[in-house]
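Let me begin by presenting the structure, written as structure tokens, before commenting on it.
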Amino acid sequence: MHTSRISGFYKMSVEERVKIVKEFANLSDDEVSILLKTGRLDIGLADRMIENVIGTLELPLGIATNFLINNKDYLIPMAIEEPSVVAAASNAARMCRDGGGLFAASTDSLMISQIQLVGITSPHSALMKILQHKDEIMKIANEKDPVLIKLGGGVRDVEVRIVNTSVGPMVITHLIVDVKDAMGANAVNTMAEAVAPYIEKITGGKVLLRIVSNLADRRLVRAWTKVPKESVGGEGVVDGIVYAWAFAAADPYRAATHNKGIMNGVIAVALATGQDTRALEAGAHSYAARSGRYTTLSTWEKDDEGNLVGYLEMPMAVGVVGGATRVNPVARVALKILGVKSARELAEVMGAVGLAQNLAALRALATEGIQKGHMKLHARQIAIAAGAVGDEVDKVVAEMIKEGVIRIDRAKEILNKLRGLS
């Protein structure tokens, strides 16, 4: 009988785990060899990065071109499985370049750690006690990371909020920490752990959660660009893009897909450079809903001359030291290709890429529709999935595009005909 209750699975070697999974899922020898065949991420290194490893998963790594950000040229590494994203980013960056490129600025690398205090009969009194002991709280927290302090980082402020919940009021302390060039989650979590007993002592309450907030609204990136109307296809296209944005700004159903287009660019760079993509997604969508209604992370307008003006603001908690950025060899190479020297520069690049990706999607929607270009690239994946290799891929794609039928069953029929099998 198959069971997922496997004692000591984490202690086993990769080969032993794979053997169990093979029997459980009835994998063939060929399927097992796929699991064990790794690329640039060595299986031994992967086994030390996470638990219960049985293999690695690679994504295509592409380069988006044409990016001029803050008057500096960049080649942008992007890891993503979705066709057309890299091409669209490159095309949008070219259009932005006609207007002087993309520009971006970022705030200090401030992260928030939350300390949850419960069991308080007088929450406002507890709030004041915590603020009265703010200097001592900061001292205790900063003592936990002397390296960060030496680099110029550390706790910048202590804030306290009362949050009314279904189980009663809670007093929530925020440590505002400058984490410099790190993403910073581990650093702020460690600080929160350190100050928790002291907060309990001065308030008489009970501390429960001590954890980073991924709504990094003190760590923002802002990107903007002006695109000449001729570069996007004329003033009519500018109007179409503005109308498309206005729809998204007013309607959360459209805003979700609008922001997904932004994150296509942001997350592709994040994956390439070893960032915490889940934290970035959570922060972005939380920020989009900060007013109480979900809306767009970007804004698009037409200026007095009929040109297109775009602006993006979002949290961007990224790092260039620690974590997967230094463990994963591909991430190290990707960071070298980017040539960024700090977490803030990386954030600015990623914000600019997100804005360019958004422009590409909106322009497609306002002109020929999103599917025309996307489906041509999607057809390549269908052809490959049908078994086409080499020149066969282009021939199968061309026939499917000509017919307007992009399905795997049709791809197989075309491929069989090419091979004289039908």
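Observations on the model:
- Burial ordering of His378, His258, His124, fewest other beta-carbon atoms within 10 Å first: His124, His378, His258
- Ranked by how many other Cβ atoms sit within 10 Å of their own Cβ, fewest first, the residues Ser298, Ser231, Ser13, Ser286 fall in the order Ser13, Ser286, Ser231, Ser298.
- For the pair Lys201 and Val163, the difference between a 0.36 nm per residue extended length and the Cα-Cα distance amounts to 11.6 nm.
- Nearest-ten-degree value, helix 277-288 long axis tilted from longest Cα axis of the chain: 80 degrees
- Here the calculated FRET efficiency for Asp98 and Thr65, from their Cβ-Cβ distance with R0 = 25 Å, stands at 0.95, rounded to the nearest 0.05.
- Under the Debye formula (equal points on every Cα, no solvent term), log10 I(q)/I(0) of the range 1-160 at q = 0.19 Å⁻¹: -1.09
- Most mobile listed residue (Met138, Met316, Met12) in the chain, GNM with C-alpha springs under 10 Å: Met12
- Pairwise label distance in nanometres, Thr107 with Lys150, each label 7 Å out on the Cα-Cβ vector: 2.9 nm
- Structure-based [θ]222 nm, the chain - -39500 (n - 2.57) summed over DSSP H runs of at least 4, per residue, nearest 500: -15500 deg cm²/dmol
- Likely footprinting exposure, Tyr287, Tyr74, Tyr253, Tyr243, fewest C-beta neighbours within 10 Å first: Tyr253, Tyr243, Tyr287, Tyr74
- For the chain, built as a Gaussian network whose Cα springs stay under 10 Å, the top-fluctuating residue of Phe247, Phe103, Phe24: Phe24
- Equivalent ellipsoid semi-axes, the chain, via Cα gyration tensor eigenvalues times 5, rooted, Å: 42, 32, 20
- Counting only GluC sites (Glu not before Pro) that DSSP places in a loop and that have at most 14 other Cβ atoms within 10 Å, the longest clean stretch of the chain runs over 144-304.
- Projected label distance in nm at Lys336 and His2, using a 7 Å step from Cα toward the beta-carbon: 4.4 nm
- Kirkwood Rh, Cα atoms: Rg over Rh of the range 16-58: 0.96
- Projected label distance in nm at Lys302 and Val321, using a 7 Å step from Cα toward the beta-carbon: 4.9 nm
- Estimated at 0.36 nm per residue, the fully extended path between Asn416 and Asn52 surpasses their Cα-Cα distance by 126.9 nm.
- Placed amide H near Val160: partners under 5 Å, 5+ positions off or other chain: His174
- Nearest 10 degrees, 0 to 90: helix 391-403 Cα axis against the chain principal axis: 90 degrees
Coordinate-derived values only; no laboratory data. Everything numeric in this text was worked out from a predicted model, so none of it was measured. Quick reminder, even Gly has a Cβ in these numbers, built from the backbone with ideal geometry, and neighbours come from all protein chains shown.
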